[in-house]
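The values are calculated or read from the model by the stated rules, or taken from the named source; none is laboratory data. Owing to the predicted nature of the structure, the values given are computational and were not obtained by experimental measurement. As a convention, Cβ positions derive from the backbone with ideal geometry for all residues, glycine included, and neighbour counts pool all protein chains shown.
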Amino acid sequence: MAKEKLILFDKAGTATTTYGYSFGVHFWKIIVSLEEGLNLHNQDLSGIMVVGVNYKKFNSTKTIGSVLNYTLTGKPIEIRILLDINKHTMIVFSPSKPEGENFAELPKDGTFFPIIQNKTTSSKINATNKLKVKYNFDLEVP
């Protein structure tokens, strides 16, 4: 199993993997929290991020995934992603959709790169209070 890694966002931005998936079934998780434990709950509801995949074929790129608001719970949230390229489906499990948000009929050709896109514009997230995203790819498929 791969070691858990960490990304710190101090502003809006995108993180994606270097190597993508073009076949098989893949499972990964991320845990989102604020580094200093600042609770944005009821203060600022702009904690928006997209979690899923970037689909690339030739020079074309498309982001496919769930739009999540990580400020609604006031605590760290865990998101799990199950990508089945063989069946052309992806399921994103989050606290707001514990049963999973289904993305069916993914494109049949091309490569899928896991993506975490922070869209937060809040002044509450800055150099001293970064958005912390722990991730672990290559988890055992349930």
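Points worth noting:
- On inspection, residue 114 does not qualify as at pLDDT below 95, out of contact with any Cys (no Cβ under 8 Å at 6 or more places or on another chain) and part of a loop (DSSP other than H, G, I, E, B).
- When residue 103 is tested against (1) of a type in the set (Phe, Trp, Tyr); (2) loosely packed, with under 15 Cβ neighbours inside 10 Å; (3) under 24 Å from residue 25 (Cβ atoms), just one condition goes unmet, and that condition is (2).
- Filtered by the rule that a residue be assigned to a strand (DSSP E or B) and crowded, with 17+ Cβ neighbours inside 10 Å, segment 81-92 gives 81, 82, 83, 90, 91, 92.
- Filtered residues of segment 7-30 (kept if modelled with pLDDT under 90 and β-branched (Val, Ile, Thr)): 7, 14, 16, 17, 18
- A single entry from 85, 77 fulfils the requirement of being modelled with pLDDT of 85 or more and within 15 Å of residue 135 (Cα to Cα): 77.
- Restricting segment 39-72 to residues that are outside any strand (DSSP E or B) and either among the aromatic types (Phe, Trp, Tyr) or crowded, with 17+ Cβ neighbours inside 10 Å (or both), the residue that is modelled with the lowest pLDDT is 40.
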